[in-house]
Amino acid sequence: MNTRMLALGVLALLTVLRWVSLAPQEMTPAGAYLALCGYAPSIAYFDGPGATAICTALGTRWTGAGALGAALLWPVFAALATAAMYFLVAGLAGARAGWAAAVLLNLLPVFNTASVTPTCALPLVMFALAFLACAWRALDSSSLAWWGAAGLCAGGGLLFDYLAWFFWPALLLVMLASNRWRPRLLEPGIWVAALPALGVLTWLMFWNAEHGWVHFIGGTWQTVTSLDLRTLPRGIYEAAIAASPLLLVAMAGGLFFALRDARVARRAKFLAIPATIAGVVATYILMRGAPPQAAGLLAAALAIPLLAWLPAPGPWLTAIFVSAALWTAGHLAMQPAPQTTITREVTAEIEKFRVTETTDPAAPVFLIAQNAAMASALALHLPDTSFVVPGHPPVYVVESPFADSQYALWARYDQFVDAPRPASDIAPDPFTEQDGANPFVGRSALYITQQKPDQLPQAITAAFAAHRLLAEIFTPSGQVLRVYLCQNYETLPL
């Protein structure tokens, strides 16, 4: 058996093992939220570009509403990212270095976590490594095919996360910094590579224009420029946990020596500039107080090839491999099994209450959950959704003027719709521009929450004529879900 077939067998085995680890687990609320968003495919949703949600939804359609369904494609992304790492490093430093980098990528605890968690982080890394692998071959051969492949990778990354914006500018900076590559800017290849990314970005901007620029209105100039340096020590500690301490030090050293050689070594320049940009972006996101997981994993993946610039890399690599393997094994062994509040059994109990309390089939009891994640988990586990109003989500979140999830963009139970037109012989009210009606007025709902009776929001206590605690459900995670019967919806008073 040759080396390539052996590598493919190991990748296939890793993929299957990741699927096996997911199979007995329940879907997390975050995964349920992504899947529900993906059931209505779009270029984007409230939280960002839409490919992550669509991939999650595809998995749940194929294998059911469980952890395996939600993350079904992520072990595949991990295998493709590994292959991209190999082809990138092999093209620069030979097959042996390529295998070493691919193995080391799979020894990162953060990579293993991302391979079974449906987020944008792993697809972003996959496309980044593939982009660089294609771009290196394009620079070496001036092939429009390789430039086109690089451009498709940049566009693919933008379908998952806006962080992919820097792929093409980073390559442009590499070419501007190189006397040998600078003349290539006059060739069509690099500009061909920009077209797919520009196309996806334009599509995303059109979506934002139609939806109130929800991806950008959450920040101001003050939030963009307010950086908290006190987050750095904690961020370094978390990075050491996510990558293993020795490997983190080695990657920082590799980046330092690669930047030192970047002026005279085009390979160092090609790898160090994108890795530096990714590291700066991750640090910036950290200092703004936002989760840096996607940017951090991207920076770590791009820094792995730089280990070749360490002085005497041979002895270093042996220690790095052993420590990373032990660290990852310990990390995986100590990770607790995820516990979810909403399961099929819990949802079945709630459905019994809904059916029991529905006295008028024409106005069935509808469901409201405490937050978007809980509502999504309930929605995916409901055995019957025939009571749902067409075009509405199966479970609502509490009405609020504050938009914090995709539920703000979907139809809501507190919205008014156009009232039926009056008969032609009835004169319209001259003081009313438009008649509206709420079809949920007078109906009852079940409110599912962890809140105690004295913690209920005003959107429940004031919007319904009466409410009472119907049941308490003890969930497998040890938490208590409370089901409140809320009768005669009247809408919130002005």
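Read the figures in this text as sums done on the coordinates, not as results from a lab. These numbers were taken from a predicted model, which means no experiment stands behind them. FYI the Cβ positions are ideal-geometry reconstructions off the backbone, even for glycines, and counts take in every protein chain you see.
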Margin query: Between the range 293-355 and the range 58-81, what is the separation of their alpha carbon centroids in Å?
Written below: 16
Check: Between Val280 and Leu13, what FRET efficiency follows from the Cβ-Cβ distance if R0 is 60 Å, with the result rounded to 0.05?
Finding: 0.95
Note to self: Which residues among the range 50-65 fall inside the zone where the amide N is under 16 Å from a point 7 Å beyond the Cα of Lys352, along Cα→Cβ?
What the structure shows: none
Check: What is the set of long-range amide H partners of Gly50 at a cut-off below 5 Å, with H atoms built 1.01 Å from backbone N?
Finding: Ala44, Tyr45
Check: On full extension of the chain, what length is gained from His392 through Val322, given 0.36 nm per residue of separation minus the C-alpha to C-alpha distance?
Finding: 19.9 nm
Margin query: Residues of the range 392-406 with the amide nitrogen closer than 14 Å to a label point 7 Å from the Cα of Asn371, along Cα-to-Cβ, please.
Written below: 397-398, 404-406
Notebook entry, point to check: Hey, what D do you get for the range 353-392 in µm²/s if you plug the Kirkwood alpha-carbon radius into Stokes-Einstein at 37 °C and 0.692 mPa s?
Noted result: 294
Checklist line | Those residues of the range 296-340 whose amide nitrogen sits under 20 Å from the label point placed on Arg96, 7 Å along Cα→Cβ | finding: 304-322
Item checked: Additional length obtainable on full extension of the chain from Leu186 to Asn438, 0.36 nm per residue less Cα span -> 84.6 nm
Note to self: Let's test the formula: R0 of 41 Å, r as the Cβ-Cβ distance of Ala252 and Phe216. What FRET efficiency results, to the nearest 0.05?
What the structure shows: 0.80
Checklist line | Two-site label geometry, Thr385 and Ala462: point separation in nm, points 7 Å out along Cα→Cβ | finding: 3.2
Item checked: Alpha-carbon Debye profile of the range 252-311, log10 I(q)/I(0) at 0.14, 0.16, 0.17, 0.25 Å⁻¹ -> -0.37, -0.47, -0.52, -0.91
Note to self: What three numbers, in Å, describe the spread of the alpha carbons of the range 64-191 along their principal axes, ordered from the longest?
What the structure shows: 52, 32, 22
Note to self: Looking at the chain only, what percent of DSSP beta bridges run antiparallel? Nearest 5 please.
What the structure shows: 75
Next item on the list: Please state, as a whole number in µm²/s, the translational diffusion coefficient that the Stokes-Einstein equation yields for the range 116-220 at 10 °C and 1.306 mPa s, with Rh defined as the Kirkwood radius across alpha carbon pairs.
Entry: 109
Notebook entry, point to check: What is the helix-to-structure angle for 245-261, meaning the angle in degrees between its Cα long axis and the longest Cα principal axis of the chain, kept from 0 to 90 and rounded to the nearest 10?
Noted result: 60
Item checked: Gyration tensor verdict on the range 3-95 (Cα atoms; rounded if a/c is under 1.5, prolate if a/b is larger than b/c, oblate otherwise) -> oblate
Next item on the list: Please state the charge dipole magnitude for the chain, taken about the Cα centre, from unit charges on C-beta atoms (+1 on K and R, -1 on D and E), reported in debye and rounded to the nearest 20.
Entry: 2540
Notebook entry, point to check: What is the spin-label model distance, in nm, from Ala265 to Ser477 if the labels are put 7 Å beyond Cα along the C-beta direction?
Noted result: 4.8
Next item on the list: State which stretch of the chain is the longest one without any exposed chymotrypsin sites (Phe, Trp or Tyr not before Pro), exposure meaning a DSSP loop state and at most 10 other Cβ atoms within 10 Å.
Entry: 1-215
Checklist line | Alpha-carbon gyration tensor eigenvalues x 5, square-rooted, for the chain, Å | finding: 48, 27, 20
Item checked: Centre separation in Å (Cα based) which lies between the range 212-261 and the range 91-109 -> 23
Notebook entry, point to check: Could you give the angle, 0 to 90 degrees to the nearest 10, between helix 95-106's Cα long axis and the longest principal axis of the Cα atoms of the chain?
Noted result: 30
Checklist line | Inter-label distance for Gln455 and Leu172, nm, one decimal - labels placed 7 Å from Cα along Cα-to-Cβ | finding: 5.0
Check: For the range 103-158, rounded, prolate or oblate, judged on the Cα gyration tensor with a ≥ b ≥ c (square roots of eigenvalues), a/c < 1.5 rounded, else prolate if a/b > b/c?
Finding: oblate
Item checked: Overall form of the range 375-416 per C-alpha gyration tensor (a/c, 1.5; a/b vs b/c) -> oblate
